[in-house]
Amino acid sequence: MREALRDMKPPVTIHVAGDGDEALAFLRREGPHANAPRPGLIFLDFNLPKSDSRELLRMFKDDPRLRLIPIAVLTSSDAERDIRDAYKLYANCYLRKPVDLDSFFTLIQTAAHFWLEVAYTTS
């Protein structure tokens, strides 16, 4: 992810949460994250360690302070149920991870370009 976004123009700042609890603390600006910036886009892996990603997505979208941040679900699954679940929980897009690195970079760069430069959002 870092490498895919490294050469974006304009440059983007990347923050990585190790698990769902850390992601929530960062986004809610709790504890050591009190001064955390509000992200313009969240890439949410649907297979996070120690977390129920669907529940995490639900919490993001239920929180009035966070719900307007675009969330791109990123996963290797192309199961219709997973796609439906993501959109029922108000994911802004569902991205299937390609198997080769070049295609992965292109996918991440394209999504970041769209959500950060083309689409009008508010935070």
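The values are calculated or read from the model by the stated rules, or taken from the named source; none is laboratory data. Values in this document were obtained by computation on a predicted structure and should not be read as measured data. Quick reminder, even Gly has a Cβ in these numbers, built from the backbone with ideal geometry, and neighbours come from all protein chains shown.
Kindly evaluate residue 114 against the criterion of being more than 14 Å from the chain's Cα centre (by Cα), at pLDDT 95 or above and either aromatic (Phe, Trp, Tyr) or within 19 Å of residue 19 (Cβ to Cβ) (or both). Considered against the rule, which asks whether it is more than 14 Å from the chain's Cα centre (by Cα), at pLDDT 95 or above and either aromatic (Phe, Trp, Tyr) or within 19 Å of residue 19 (Cβ to Cβ) (or both), residue 114 comes out as no.
Scanning region 34-55 for residues that are surrounded by fewer than 11 Cβ atoms within 10 Å (Cβ to Cβ) and of a type in the set (Gly, Ala, Ser) yields a single hit, 34. Every condition in (1) surrounded by 12 or more Cβ atoms within 10 Å (Cβ to Cβ); (2) in contact (Cβ under 8 Å) with a residue 24 or more places away in the chain; (3) within 22 Å of residue 114 (Cβ to Cβ) is met by residue 83 except one, and the failing one is (2). Within region 15-33, at least one residue is within 23 Å of residue 102 (Cβ to Cβ) and loosely packed, with under 11 Cβ neighbours inside 10 Å. Within region 50-79, residues that are farther than 12 Å from residue 28 by Cα reach partners that are part of a helix (DSSP H, G or I) and aliphatic (A, V, I, L, M) with beta carbons closer than 6 Å, at six or more positions or on different chains, in the pairs 72/111; 73/86. Of the residues making up region 56-83, those that are charged (D, E, K, R) and out of contact with any Leu (no Cβ under 9 Å at 6 or more places or on another chain) are 62, 67, 78, 80, 81, 82.
For region 97-117, the count of residues that are of a type in the set (Asp, Glu), farther than 21 Å from residue 4 by Cβ, surrounded by fewer than 17 Cβ atoms within 10 Å (Cβ to Cβ) and free of Cβ contacts under 8 Å to residues at least 12 places away in the same chain is zero.
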